[in-house]
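Everything on this sheet refers to the single structure shown next.
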Amino acid sequence: MADALVKLRCLLYGLGLGAARRASRPLEGNAAHMDLAERLWWGYKFYFGPVEEPEPGSGLEEHFRGQDLDFSPGPGFVERSSMTLAAGGDILVSPGLRPETTASLWDEVRGFYFGADLACANLETPVAPSAPQAFLPASIREAPGLNGSPGMFDRMHEGGRGIGLFSTANNHCLDLGEAGLRETLDFLDSRSCPRVGTARSPEEARALVLVERNGLKLAFVAFTFALNWQCLPEGKEYLANYLRLNKPGIDLAPLAAQVAAARAAGADAVVACLHWSLEFEAYPVRHLVETAHRVVELGVDLVIGNHPHNVQPIERHAYLDAATGERREGLVLYALGDLLTLRTTVLPNSHLGLLARVRFAKGESGGRELTRIAGLELLPTYLRPRMRGGRCEDFRLHDLLKLAAELRAGRNPHGLSRAEGRELLRLEALATRLLGPGLRLGAGLRAGAGSGQARA
């Protein structure tokens, strides 16, 4: 009864906004700093969204639609070596996501995702084997306390052949408190899996995360905009890289220091995994875009954003380096949506995910050594549970564009219901609206997404 009243109150709040409820609003979205109005807005989006219109007057839809995302090097660049990074979105837990229901999880995307030199994702749940699995609560009035399982982690990691690096800085990293965070890091170490964003000591927090492939070094940094209702213990701020990224004009000095340290250590390129933006919204708000530009101008080559549980657009940001006078640019993936989650009754846009492959090339241009982004490929995914009697029997990631093309051609090899087919085509239209410039690239690679072998 209490939850029904909360739902009704959220509905009335949303309806009271009129047409404004369809568009993004310039808020912070940090649970620890929400007033009542923002909590009701969050509840409205959760129950009755999704929000698919950008902040009024921002011009962001036109801005993103006009992006040039073709990073093919010009004739003056002589490539010496390259490395491909494949990025996925948020990994959450659900009772229906078990090793026995996910045997075919990667079948259609394995070549695209695991065929890169390195695959990464956001591990948005502790994995503390000493505690039972825990899922999102049934009521939005309850604080979450997520906990994943070693079995599902192994399904993702595949002994190093699958996801090879995890960002752990997110709003759920302290769901099980400090003990759960430490046990998660112990568990990841037991699987020899690199991670970035949380730490057990000041020394570990300062340690650089560098991954080298083919003579090219990528550095990773990670920050989260929120910790839900948790806070870092006094004197233990090193546990998580926490920076209120969704707040306009936030001081980026902690992130800048890590980027500078990575460059000083010889990183050829820097990747920032940022947990930010607003949940259940298709566009970032204007002040977050301004923050993204500031992040890139610190010397970050690639921003991988997550948290909204919706796919958001992509931006190529060019700027003049104040220190060198050179023109530089960075790529911002504002939000990749969910990589792994099971939702059947709310948040329909969470069934749309995105995998991105970014190729970094190291070489020479005009007698100068440099490393640049030399390619971008996108693979929209359809997160589909096959349900029977309210239970998940099979869960897998489909190549959304391929599946939609099959349906339009009169083929239905996966037995989608009529309602699923309509929803799939709606999500295809949404993906095209949000990612249009990027979807025109790499059609050949996407066509072979399910083929090929994962890297050794």
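The values are calculated or read from the model by the stated rules, or taken from the named source; none is laboratory data. From a predicted model like this one, the values you see are computed outputs, not experimental measurements. Positions of Cβ are generated from backbone atoms using ideal geometry, with glycine treated the same way; all protein chains shown enter the neighbour counts.
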Completion exercise
Checked the stretch 360-371 for anything of a type outside the set (S, T, N, Q) and either surrounded by fewer than 20 Cβ atoms within 10 Å (Cβ to Cβ) or not in a strand (DSSP E or B) (or both); matches are Gly363, Glu364, Gly366, Gly367, Arg368, Glu369, Leu370
Practice task
Having 3 or more residues that are within 26 Å of the chain's Cα centre (by Cα) and either at pLDDT 95 or above or over 18 Å from Ser277 (Cα atoms) (or both) is the bar; report the helices (runs of 4 or more DSSP H) wholly within the stretch 1-82 that clear it.
Solution key: 36-48, 60-65
Exercise for the section: Can you tell me which residue within the stretch 417-454, out of those that are assigned to a loop (DSSP other than H, G, I, E, B) and over 16 Å from Glu108 (Cα atoms), is modelled with the lowest pLDDT? Expected result: Gly442
Completion exercise
Within the stretch 100-131, of all residues that are of a type in the set (Asp, Glu) and in a loop (DSSP other than H, G, I, E, B), the one surrounded by the fewest Cβ atoms within 10 Å (Cβ to Cβ) is Asp107
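Any chance the stretch 245-261 includes a residue that's within 17 Å of the chain's Cα centre (by Cα) and within 14 Å of Pro26 (Cα to Cα)? Full working, then the answer.
Filtering the stretch 245-261 down to residues within 17 Å of the chain's Cα centre (by Cα) leaves 245-246.
Now drop any that are not within 14 Å of Pro26 (Cα to Cα), which leaves 245-246.
Looking for residues that are within 17 Å of the chain's Cα centre (by Cα) and within 14 Å of Pro26 (Cα to Cα), one finds at least one in the stretch 245-261, hence yes.
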Completion exercise
Only one of Lys247, Lys217 is of a type in the set (Lys, Arg), in contact with a Gly (Cβ under 9 Å, 6 or more places away or on another chain) and in contact (Cβ under 8 Å) with a residue 12 or more places away in the chain, namely Lys217
Problem - Any pair with Cβ under 8 angstrom, 6 or more apart, that starts in the stretch 316-336 at a residue that is under 28 Å from Pro54 (Cα atoms) and ends at one that is in a strand (DSSP E or B) and acidic (Asp, Glu) - result: Arg316/Glu329; His317/Glu329; Ala318/Glu329; Tyr319/Glu329; Leu331/Glu315; Val332/Glu315; Tyr334/Glu315; Leu336/Asp90
Practice task
Please state which one of Ala265, Ala269 is hydrophobic (A, V, I, L, M, F, W, C) and either in contact with a helix residue (DSSP H, G or I) (Cβ under 7 Å, 6 or more places away or on another chain) or under 15 Å from Leu298 (Cα atoms) (or both).
Solution key: Ala269
Handout entry: Out of Tyr382, Tyr334, sole residue that is in a strand (DSSP E or B) and over 26 Å from Gly197 (Cα atoms)
Key = Tyr382
Handout entry: Count of the stretch 112-142 residues which are aliphatic (A, V, I, L, M) and over 24 Å from Asn214 (Cα atoms)
Key = 8
Problem - Subset of the stretch 376-401 [surrounded by fewer than 20 Cβ atoms within 10 Å (Cβ to Cβ) and more than 15 Å from Glu420 (Cβ to Cβ)] - result: Gly389, Gly390, Arg391
Completion exercise
Residue hits (the stretch 239-258; in a helix (DSSP H, G or I) and surrounded by fewer than 21 Cβ atoms within 10 Å (Cβ to Cβ)) are Ala253, Pro254, Ala256, Ala257
Handout entry: Residues within the stretch 106-118 that are under 18 Å from the mean Cα position of the chain (by Cα) and farther than 18 Å from Arg359 by Cα, tallied
Key = 1
